[in-house]
Structures are given as C-alpha cells and as structure tokens.
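Notes to accompany the following structure.
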Amino acid sequence: MKKHIFFFCGILLAGIPFSSCKKESSEPAKAKISFEFDFNVAGDELKLGQAYQINGTTVSFDAVNFYMGGIQLTQENGQVIDLSDQYLLGGIGNTATLNSDLDVSDINSMKFFVGVDPVTNAQEEIDFTSRPPTDPLGIQDPSMHWSWSTGYKFLRVDGDVDLDGDGILETGVAYHLGSDAMLKQFDLTNPIELRSGDNDLIISFDLTKFFTGVDLKAELDTHTGNNLPLAERLRDNLAIAIEVYRN
Amino acid sequence: MWRPFGLGIIILVMLLGCGGDVVYISNLPNHFPQPTIPPDNKLTRQRVELGKKMFFDKSLSLDSTIACVSCHHPDKAFTDGLALSPGIHGRKGKRNTPSIMNAALVPLINKDGGVKKLDLQALVPIEDENEMGISILHLSQRLAQDPVYVKQSREAYGMPPSAYVITRALASFVRTLYSSNSRYDHFIQGDSTALTSREKMGKALFESDRLNCTSCHGGIQFTNHAFENNGLYTSYVDLGRALITLDSADRGKFRVPSLRNVGITAPYMHDGSLANLEEVINHYEDTGISPKKGQSKKIEAFSLSSEEKESLIAFLSALTDEQFIN
C-alpha cells in the first residue's frame, strides 16, 4: 500500500446547492466525491514525531495543518460544483465527504485556495470563539487561530530540528502563514475522471516541496509579519507542494 | 486583597434586564465618551463579576502562578512598574505592560493594533507562552471542572465555561475600568484651582505648537489612537504595526498611548526602555533635533529649559486619577 489514508471523523459537507438538476424518470448513475488529505515527505506518509531529512537537516513535525476553502469544481458538462461556502481543515489523514448526487461527468478544472477569505478572517461578528467545535473554523487543537493578530493561521507547520547534528532534535521551528496577503489561490486544470459511485480526490501535501529553498537550520520560524520574505516563499512553494488527483 | 471595585473607579447602576442585570457606567463626566458595548456581550453584573474573578485568578495560567493582575496592578493604573513582565516559568514578555484603564475606548487593541476587538483580547496573555501559556481549550476544560465557575458562567452567559465565556467575561470586567477623575478633569470641568500654576505652565507647553505633543497625544484621552513611529530607534527589533499590516512603512510604528495616569505607569515605551518622564522628554528633545529614519514628521525640534521640563512633568503627573490608587 503506497498511501495510507487514516479515516478520521470527517467533516460532513451537507447538501451542496445544486441548481439545474431535475429528477428524471430513469435515475441515471450518480457520483459522490470525498476529499482525502495525504500529507507526506517526498511521498512517504507523514507521521508526527518521526525524524525526516529535509534539505540536509533532520526535522520532525508536531503540527501540520492548513485551511482549504473557495472550492469550485467545473465538470465537463458545464456543471459547477460550488463548495465555496465550506472550509476543510487539512490535516494528516483528514477526510471530508461531499454527500451529494453529482452527474457523472469528468472534472475539467478545480479552483480553491489555501487560507481563509478576508471577510471570515476579519472575525468581525462571528469569530472562532463563537463557532461550534464541529466547525473547522471553530477553535482547533492544535490551534488554527492567532490570538495576537486577530485572524486565522492559514497554515501551520511546527516541529523540531537538529542544529548541531548530535541526533537530538533540540530546536523548535514554526512556520505560520496568515493575513490576507498569504491566501494562496489554486486554479488546477488537470482533468479528473469522475466515475459513478465513490470518487476519492486526494489532496497531497509534500513537505519537502513546501520547504524548497528553505534552510531549516537557519530559517527557524516565521509568524508571517516577523519574517515576511520567508512567509512569502513558503506561500509560493504551496503551488508545487499541493497536488490534487484521483485515487 | 485587591479591591478595584471598592475603590470607586466607577459607580455601577444596575437595571434588571433579561439574561442578567444590565449595568451602566454612570459616573462618567460629561466630557468623557461612553464605551461602545458589543450587542452580543451586554454589560451585566454577572458578567463583570465573573470577569473580575477570572482577572484575579492564577488558575488561568498553565502552572497556576500568573493571573492578569500579576502584570496589571490596580494601584499602578493596572501596570506593574517593570520594563518587561515575567510570565510563567519566569519567562519575560516582549513588551511593556500598558495601563488597561479606559481600554474600552481603544479601537484597535495592543500596541500594534493586532487585536481587532476587546472581546478577543484576553486570548493574547492566556495563550502567550511567555505570559499565561495555556491553550484556551485547555483552560475552558479546567474551569468547567470548577462548580463555582460553572454556576457563574451559566448565570452570566447561559453556558458552561468556554473560550467564548472566558474572553467575553474578561472583556466585560475590563470595560468597567474607567479613569476619568484626575485633577486635569476637574480643571477642564471648570475648577480653575484644580491645577497649580506650574502644572498650568506645563499644560500650555504640552498644548503648544512648539512641542506639538497634542498632534498625537491630543483630545480627552491624550491619544489619536493612530500608529506612529516616535523615533525611539533607527532599526526596531519589535517591528510594531508592520507585524500586522505586513507593510514595511509601518515598521517601528506603535499605537499612540493615552497619557492618562502616565505619572504612575513608568517605565515607558513599547519595550519599557525609558525609565522616567524626564527621559521621555529628553528623548523627544533629542530626536526632534536629529530625527531618525522613519520617524514621524509631527515630532518637532525643540529644547526646553530645566524649569520648563519640570512644568511639563508636573502637568503629566496631574493626569493621575487619585481616586482609585489610594
């Protein structure tokens, strides 16, 4: 088995709005989509606490998460599956099921972003403390909200590195991206076949690609504002670190 | 025992409302603004009392050693007299503890304005590993084990302790910490004897175009709430407002603090680097004459005689609200 997927209490995306579907007398075959996050280090499944080599540094991770929102899938038949009012919390083995009847028609393009839209992120009326624990935008453990800068951590990768090469991972590292400027848009046009029945869309996040060009011995943290250039590089690396494909 | 309520900082008028007794801050002089209260967190007696209990409670920190009051002492206008305050495990914070009197009137909270509403401010010290160092989820679970907190929390918010309850209750208590009763306040309300002649000289200097202090520290709160670089450093370790806006032009900008009670809130500036008011005035004098890169143009070049300095300090010290520090 190349990729293990741990199923973990999924976030249920209840009935998507679906405009032009009329019930026909002979029910055609329908498709269902689930999203599964595959967090990995160069293809090896990510395990928290396990040591990996990235860019010549030994590193282990204790929290890796990001928000994914604004999801819109366009099918071959022109149908748009609009999930843009839903957020997924990407995490090791997290899954989310899209519980709806979709026409069997390939997906031609997929738009989404990593992050949280500016209105939600502003936390003006509703904020993370007033959302129920079942809401991915509610308070998470490990936390995905910032306290000192009202808003969400769009992405967090925390861990420890071995700076002196003695085999002990003694130094904490933290890469937290947030603020509107850190929103990373994706507009993928690789066609994805949609068959009748269950379809698992894998959202793969490769930490080696995420850290492309980053020296984990010297660039130990960014909380976005305190090291904006590093935050921008990591945000831009998301374009190669995240891939979506069919299982 | 701390008794901020027994000190007459405010007088609470209670009216019976649904979900608790709605309280109003009633002894505000006419020249003082009323705070805006968010609709989902009306000030009620139950909420203020719950917040007050939390404010003084060390079990709000990871190892139960630090309470809000550890850094915000009522007798120092809710500061602690230190440049940087120790949090749990003796760790040092990164900024000087400000007064939280009149925090209800501040539009963007904290020195960099990173916190958009007072109702979310308490998360900062609670979750900061250098301050109270506990996750809000963990703290909610802890307080939910305490029958007294559960009872009070239900009375105040109709639910057991949660992140929502903790942040809202603390904000409710902070909203009652009003200071509007200095000799300066008496003076502007018509008591011309409330200030000494030296203090009046200081007032004239403070308000003069020559010093231009009021271009930033103007109005009844002695602040325009703007973010400004007051020339403390050429290169700032703490980037200030830029941490939030991500705009390099905002480096070294901090929220203009109110100068109310400034006579008892030393040391000064975001990092507590200036020990007393004389050092502050010397700083403005020096940096006005040889401005630093990025420094606000509002800082004028001036030099003061030692007598003028004394007058200015005397005036700043007349902004102390004696009523609650006794």
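The values are calculated or read from the model by the stated rules, or taken from the named source; none is laboratory data. Given the structure is predicted, the values throughout are model-derived calculations rather than measurements. Glycine also receives a Cβ, built like all others from the backbone with ideal geometry; neighbour counts cover every protein chain displayed. Ligands, DNA and RNA are excluded from the accessible area calculation, which covers all protein heavy atoms including side chains. Shrake-Rupley method; radii C 1.70, N 1.55, O 1.52, S 1.80 Å.
Computed from Cα positions, the angle between helix B:147-157 and the longest principal axis of chain B comes to roughly 70 degrees. Across chain A, Cα pairs under 8 Å and at least six residues apart give a relative contact order of 25 percent. With all protein chains in place and ligands, DNA and RNA left out, the 1.4 Å accessible area ranks A:81, B:37 as B:37, A:81, largest first. Relative contact order, whole percent, for chain B stands at 20, derived from Cα pairs under 8 Å and 6 or more residues apart. Among beta bridges identified by DSSP and lying wholly in the protein assembly as shown, the antiparallel ones come to about 80 percent. Relative to its Kirkwood radius, the Cα radius of gyration of region B:168-234 gives an Rg/Rh of 1.08. Note on residue B:92/residue B:36: beta-carbon distance plugged into 1/(1 + (r/R0)^6) with R0 of 30 Å gives a FRET efficiency of 0.30. How far is helix A:228-241 tilted off the main Cα axis of chain A, in degrees rounded to 10, range 0 to 90? Taking the Cα atoms of chain A, the angle to A:228-241 is about 50 degrees. The aspartates and glutamates within cross-link reach of residue B:58, meaning a Cα-to-Cα straight distance under 13 Å and a gap of 8 or more places when in the same chain, are B:131. Between residue B:155 and residue A:190, the modelled label-to-label distance comes to 6.1 nm, taking each label 7 Å out from Cα in the direction of the beta carbon. For the protein assembly as shown, the share of alpha carbon pairs falling in successive 20 Å distance bins from zero is 18, 45, 29, 7, 0 percent.
For region B:13-174, the share of accessible area belonging to carbon and sulfur comes to 57 percent (1.4 Å probe, ligands and nucleic acids excluded). Between A:166, A:127, A:158, the GNM of chain A built on Cα springs shorter than 10 angstrom shows A:166 fluctuating the most. With heavy atoms of protein chains only and a 1.4 Å probe, what residues of region A:133-167 have at least 40 Å² less accessible area in the full set of chains than alone? Going by heavy-atom accessible area, the residues of region A:133-167 that drop by at least 40 Å² are A:139, A:147, A:148, A:150. With the Kirkwood sum run over all distinct C-alpha pairs, region B:21-77 has a hydrodynamic radius of 13.6 Å. The order of B:292, A:153 by accessible area, most exposed first and with a 1.4 Å probe, is B:292, A:153.
Along the axis of the charge dipole computed for region B:13-174 (Cβ charges of +1 for Lys and Arg, -1 for Asp and Glu, origin at the Cα centre), the listed residues B:163, B:85, B:36 are led at the positive end by B:36.
Under a 5 Å amide H cut-off, with hydrogens placed 1.01 Å from N, residue A:63 pairs with A:158 among residues at least 5 apart or on other chains.
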